[in-house]
Amino acid sequence: MLRAFAVQWEQQSGALEVESVDFMDDGSPIKLKVKINKEEGTAVFDFTGSGYEVFGNCNAPRAITLSALIYCLRCMVGQDIPLNQGCLVPIQVIIPKGSILDPSPDAAVVGGNVLTSQRIVDVIFKAFQVCAASQGCMNNITFGNQKIGYYETVAGGTGAGPHWGGRSGIHSHMTNTRITDPEILEKRYPVVLKRFQLRPGSGGQGKFCGGDGVIRELLFRERVILSVLTERRVFRPYGIQGGSPGAPGLNLLHRSEGKIINLGGKTSVSLEPGDIFTLHTPGGGGYGDHKTGDDTQIPIKRQSRIFAERGSVYDYRMSQETV
């Protein structure tokens, strides 16, 4: 894959390097430069220039950065390969110590696992021009009191690619959780699920449009503490090759007396009975110029490959689909 990409990219740009940058909502950059050796089929992934360790919990341990890199490489290879350390044999990875991608041992990292990991994937795919950005967030929602505790992650839109539109209302990249059934949620917890639907128009426009996010609305029947840990509330999921970005997410609190409050991307707040939390998840970015429909600007042509699926994820999916 690296050799083939290097040959095509050198023909089009005259270089054997690609680079990209994207930003966390606090402005921290995630920066990447990839230098490819087309003769050996190796590459150096250099994250120098990424932001410093942050005071909050969006620091990603080095292992998370490597996991995101392996995931991206396996996607781009286009065939089923084993998941092990051998995936990184052709790859040299440079991650600056003390950065948001390799923080100090006592740094808070929960947001790095569930949020920054998504941004790393976006940056890698952007460098190789694989697809537009997906929602880039897991939309972590927790609430509880002395009697109950609940945690869910909520799906959004995925990015479009050279020959496909983004999927709507689905988890993508570094997450694979399923959401609780409404009947179970309402039976076991003091909430009413008022609304759970796709968010029309939140996917970016393009020759291939990004997927739409979702709207999820919870009415609370008891006093609880609600916490949200989310991203892409400031910087929109980018489109590429002329595609438009997806819509950013939005977290709204509707107080029972009628006041509406924008909670921002990360906070904890006390809720009273009758309060409603409305979550708008981000859409995915679009790919290509939708006005002209011209695909001549798309730099890298990829051919889909068909291969036999296998592995634990495939076995689990098959067991679910045959119920």
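The values are calculated or read from the model by the stated rules, or taken from the named source; none is laboratory data. Only a predicted model underlies this, so the values are computations on that prediction, with no experimental measurement involved. Neighbour counts run over all protein chains shown; Cβ positions are idealised from the backbone, glycine included. The protein model used for the area step is the full one, side chains on, heavy atoms only, and it has no ligands, DNA or RNA in it. Shrake-Rupley method; radii C 1.70, N 1.55, O 1.52, S 1.80 Å.
Under the criterion of Cα pairs below 8 Å and six or more residues apart, the relative contact order for the range 125-174 equals 32 percent. The angle between the Cα long axis of helix 117-127 and the longest principal axis of the Cα atoms of the chain comes to about 30 degrees, rounded to the nearest 10.
For the range 279-287, putting each phi into the Karplus relation 6.51 cos²θ - 1.76 cosθ + 1.60 with θ = phi - 60° gives couplings of 10, 10, 8, x, x, x, x, x, 10 Hz, in residue order, rounded to whole numbers and with x for Gly and Pro. Taking the centroid of alpha carbons for each part, the range 192-212 and the range 225-245 are 13 Å apart.
In the chain, the longest principal axis of the Cα atoms and the axis of helix 312-321 are about 50 degrees apart.
Only DSSP H runs of four or more residues enter the estimate; each adds -39500 (n - 2.57), and after division by the residues of the chain the mean residue ellipticity at 222 nm equals -5500 deg cm²/dmol. The lysine pair tally for the chain, using Cα distances under 20 Å and a gap of 8 or more places or different chains, is 14. A 1.4 Å probe run over the chain, with the rest of the protein chains in place, finds 48 Å² accessible per residue.
The smallest convex shape that holds all Cα atoms of the chain, its convex hull, gives 149 Å³ per residue. The trypsin sites (Lys or Arg not before Pro) of the range 1-98 meeting both criteria, a DSSP state outside H, G, I, E and B (loop) and at most 11 other C-beta atoms within 10 angstrom of the site's C-beta, are Lys97. Close amide-amide hydrogen proximity is noted between Arg233 and Gly249, each under 5 Å apart and 5 or more residues distant or on a separate chain (H modeled in the peptide plane; Pro and chain starts excluded). In the range 177-263, the portion of solvent-accessible area held by carbon and sulfur atoms comes to 51 percent [1.4 Å probe, whole percent, DNA, RNA and ligands not counted]. Once you reduce the range 18-83 and the range 143-160 to the center of their Cα atoms, the two points are 26 Å from each other. Can you give the FRET efficiency to the nearest 0.05 for Lys38 and Met318, using r as the Cβ-Cβ distance and R₀ = 22 Å? Given R0 = 22 Å and the Cβ-Cβ separation, E is 0.05. Counting only GluC sites (Glu not before Pro) that DSSP places in a loop and that have at most 13 other Cβ atoms within 10 Å, the longest clean stretch of the chain runs over 41-256. Sites counted here are chymotrypsin sites (Phe, Trp or Tyr not before Pro) in a DSSP loop (not H, G, I, E or B) having no more than 13 other Cβ atoms within 10 Å; the longest part of the chain that contains none of them is 56-306.
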